[in-house]
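Before we start, here is the structure in question, set down as structure tokens.
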Amino acid sequence: MCGIIGITSSKPVSSSILHSLKKLEYRGYDSAGIATIDNGIINEIKSLGRVDVLEKNISQINLSGEVGIGHVRWATHGIPSTINAHPHSNENISVVHNGIIENSVILKKSLINKGHKFKSETDTEVIVHLLSEYLKSNELNNAIIKTLNDLDGSFALGIIFKDMPNIIVGARRGSPLAVGYGPNENYLGSDSYALKSMTNKITYLNDGEFCIIKKDEINFYDYMGNKVNKKILQLSTNEQNYEKGEYKHFMAKEINEQPLTIKNCVNEYIDKINNEINLHNFPWKKENIKSIKLIGCGTAFHSCLIGKYWFEELTNIDVDIDIASEFRYRKNRFKEDCLYIFVSQSGETADTYAALDLCKKNKMKTCSIVNVVESSIARDSDFVLPIHCGPEIGVASTKAFLGQMMVIYLLCLKISYLKNNIKKSDYNKKIKNLDLLSEKVKKTIFDENQIQTISNTFSKAKGSMFLGRGFSFPIALEGALKLKELAYIHAEGYPAGEMKHGPLALIEDGMPVVVVAPKDQYYKKTISNMQEVIARGAKVLLVTNKDDDQIVSENIWKKIEIDTVEKDLYPFLTTLPLQQLAYYTALKKGFDIDKPRNLAKSVTVE
Ligand code: M6R
């Protein structure tokens, strides 16, 4: 989603801003822009489309200036267009904004009445005019405080001023904002990833705070204007791999990295000498956790759903799940002895963060399962369990899903053991079984030609269904989500047993239907449901075990065979061919796999 960068330096900043905007491209966007201050003038340049277009446009002029802000925009208010792209400027102020100003219509009306002229359809432009208005009669800090007070909604802001050509103002409510310290220059960024190529010394604004950044000094303030001291964090300098390498797409690379994701999680969390799961510094006593609530969005929510099945299967504590955007606005019954777990790859998803915030305000125990350990969700939860899968750049979540499932599974096993819900021998066996999982995952990532003929058929389909029971139901939901977001094909994930209560009416001759039926306790029931859709003309792609001999195979259009593993572990295998199916179908249709239309990697607006 939208991304912000700001640099104040003693040398020209436009090329570094462009470089950082390229780093932010993974978030998903439709337009980009830069503004710098030079010789007492704000120079603004914006383009529709990729940062490359902006770069080309900038190369035709000389965009100098030692203070500047840049932005990639994901449209919320107003169509994707050059005029709606950020920054938004008048002759005195230029603003970049992530988030949504909910009262922009009312503010705009009153500003127009005062004679302000608007150029764009965005909510952001009100900030430019509001701040200009307050600056007429207030010094900077007061004008900022008054402006921020007037805004409803969420924001991360970067602001530069013609008359104060050496500063950048940053402000945050809801949307994350990082500040970086460099040699004779300082930075503002919507995430640390954008700043990493310039510095590893960063800090974050807390909700309600703002900052004034000069090249050699940064000051932080709370919402009332009181100075705030910040701890500077040193980011790890571990070389993270942000390149595609030999792969056509990040998604292909990330699919292939999944054996490593499993290996990393196993190595991080399992003490092989004592055959024990180590949740270093887990802060709560087992007696104080009587129930679990797992919360996330999209793919992360699907890992929560699988978690529900595992917790029910392996422990006797109550477990519940929720979609963050629903949870945050419901009348929740908060329970002191519940552990609230927030699952998120980015750790910046606005709804998941708001759900966490709500739990914190109600003094609940909070734990996060995240990939980005410097993220807002990780920083603000009581306890963090990282998924150790390295940067995930493709918008479609793949290896993060496996990592999330693995950490949830390990947490579930550990709680089950601590609560005496599992025999020591079974606990040991389940931990041992994880040794082989990485290899099994590797074997389940198929060659292109094994999936291609199947994806050719899917690429021509108007719609499809994904069916499963038990642990395979969330996998069916996830398979359908992948096909929707990448190949733009309508796909429904359904519990196989629910088909005859309505969706069976959708089945028509030749409709491709994916049935996820590994040999677990649900197998026979799912196979019966499969026969019901075949009888109505569906072309079934069955994902099941290699040694599956009980099935009358003439009925089945295609079969994808996986290895036999312990029944808890099938989700780690059955999801893989569905990721590949979506990938090759989108490839066949010629779509932008790493950046699907309308979507963003980091969903920082609600
Ligand atoms: O960063 P998060 O895990 O919190 O993101 C949640 C969803 O936006 C994300 O999983 C989304 O559904 C993916 N694009 C699915 O592939």
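Tally up the residues in the stretch 588-603 that are touching a Ser or Thr at 6+ places or on another chain (Cβ under 9 Å), of a type outside the set (A, V, I, L, M) and within 11 Å of the ligand (Cβ to nearest atom), please.
Adding up the residues that qualify gives 2.
Would you check which residues across the stretch 329-349 are out of contact with any Pro (no Cβ under 7 Å at 6 or more places or on another chain) and within 9 Å of the ligand (Cβ to nearest atom) and list them? Give the steps one after another, and end with the answer.
Pass one, the stretch 329-349, residues out of contact with any Pro (no Cβ under 7 Å at 6 or more places or on another chain): 329-347, 349.
Residues satisfying the conditions are Phe342, Val343, Ser344, Gln345, Ser346, Gly347, Thr349.
Let me ask something else about it. Only one of (1) surrounded by fewer than 20 Cβ atoms within 10 Å (Cβ to Cβ); (2) not in a helix (DSSP H, G or I) fails for Lys22. Which number is that?
(2)
Can I ask one more? Against the definition (open to solvent by 10 Å² or more (accessible area, probe 1.4 Å), assigned to a loop (DSSP other than H, G, I, E, B) and more than 16 Å from the ligand (Cβ to nearest atom)), how does Glu606 come out, yes or no? Walk me through how you get there before you give the answer.
Values: open to solvent by 10 Å² or more (accessible area, probe 1.4 Å): yes; assigned to a loop (DSSP other than H, G, I, E, B): yes; more than 16 Å from the ligand (Cβ to nearest atom): no.
When the stated conditions are applied, Glu606 does not pass them.
Right, another one. When you look at Ile295, is it under 18 Å from Ile475 (Cβ atoms) and crowded, with 22+ Cβ neighbours inside 10 Å, yes or no?
Values: under 18 Å from Ile475 (Cβ atoms): no; crowded, with 22+ Cβ neighbours inside 10 Å: yes.
The answer is no for Ile295.
From the list Lys500, Lys519, Lys525, Lys559, which residue is more than 16 Å from the ligand (Cβ to nearest atom), part of a strand (DSSP E or B) and open to solvent by 20 Å² or more (accessible area, probe 1.4 Å)? Before you say what the answer is, go through the steps one by one.
Values: Lys500 fails: part of a strand (DSSP E or B); Lys519 fails: part of a strand (DSSP E or B); Lys525 fails: part of a strand (DSSP E or B).
Residue meeting the stated conditions: Lys559.
Let me ask something additional. Mind telling me which of the residues Ser192, Ser175, Ser137 ends up being out of contact with any Phe, Trp or Tyr (no Cβ under 9 Å at 6 or more places or on another chain) and either in contact (Cβ under 8 Å) with a residue 12 or more places away in the chain or open to solvent by 10 Å² or more (accessible area, probe 1.4 Å) (or both)?
Details: Ser192 fails: out of contact with any Phe, Trp or Tyr (no Cβ under 9 Å at 6 or more places or on another chain); Ser175 fails: out of contact with any Phe, Trp or Tyr (no Cβ under 9 Å at 6 or more places or on another chain).
Result of the check over Ser192, Ser175, Ser137: Ser137.
Hand me the list of helices (runs of 4 or more DSSP H) wholly inside the stretch 386-488 holding 3 or more residues that are at pLDDT below 95 and away from the ligand (no atom under 16 Å from the Cβ). Break it down stepwise before answering.
Values: elements: 399-418, 424-433, 437-443, 448-459, 472-487.
Here the list reads 448-459.
So, one more: Of all residues in the stretch 112-129, which are open to solvent by 10 Å² or more (accessible area, probe 1.4 Å) and under 17 Å from Arg172 (Cα atoms)?
none
Still on this structure: Hey, could you check the stretch 315-327 for residues that are open to solvent by 20 Å² or more (accessible area, probe 1.4 Å) and touching a residue at least 40 places away in the same chain (Cβ under 8 Å) and say which is nearest to the chain's Cα centre (by Cα)? Even if it seems obvious, please write down each step before you answer.
Narrowing the stretch 315-327 to residues open to solvent by 20 Å² or more (accessible area, probe 1.4 Å): 316, 318, 320-321, 323, 325-326.
Among the residues that remain, those that are also touching a residue at least 40 places away in the same chain (Cβ under 8 Å) are: 316, 325.
On the way: Asn316: 31, Ser325: 14 Å.
Per the stated criteria, the residue is Ser325.
Answer yes if at least one residue in the stretch 50-61 is open to solvent by less than 50 Å² (accessible area, probe 1.4 Å) and outside any helix (DSSP H, G or I), and no otherwise.
no
Which one is least open to solvent (accessible area, probe 1.4 Å), of the residues in the stretch 217-235 that are charged (D, E, K, R) and modelled with pLDDT of 95 or more?
Checking each candidate, the answer is Asp222.
When you go through Glu312, Glu254, Glu243 one by one, which is the residue that is at negative phi, open to solvent by 70 Å² or more (accessible area, probe 1.4 Å) and in a helix (DSSP H, G or I)? If you could, list the steps in order and put the result at the bottom.
On the way: Glu254 fails: open to solvent by 70 Å² or more (accessible area, probe 1.4 Å); Glu243 fails: in a helix (DSSP H, G or I).
Testing whether each residue is at negative phi, open to solvent by 70 Å² or more (accessible area, probe 1.4 Å) and in a helix (DSSP H, G or I) leaves just Glu312.
In the stretch 355-376, which residues are modelled with pLDDT of 95 or more, in a helix (DSSP H, G or I) and within 14 Å of the ligand (Cβ to nearest atom)?
Ala355, Leu356
Output the residues belonging to the stretch 151-171 that are closer than 17 Å to His77 by Cβ and open to solvent by 10 Å² or more (accessible area, probe 1.4 Å). Steps first, answer last, please.
Keep residues of the stretch 151-171 that are closer than 17 Å to His77 by Cβ, which gives 151-157.
Within the stretch 151-171, Asp152, Gly153, Ser154 meet the criteria.
The values are calculated or read from the model by the stated rules, or taken from the named source; none is laboratory data. The structure displayed is predicted, hence computed values, not measured ones. As a convention, Cβ positions derive from the backbone with ideal geometry for all residues, glycine included, and neighbour counts pool all protein chains shown. Protein only, heavy atoms only, side chains kept; ligands, DNA and RNA dropped before computing areas. Shrake-Rupley method; radii C 1.70, N 1.55, O 1.52, S 1.80 Å.
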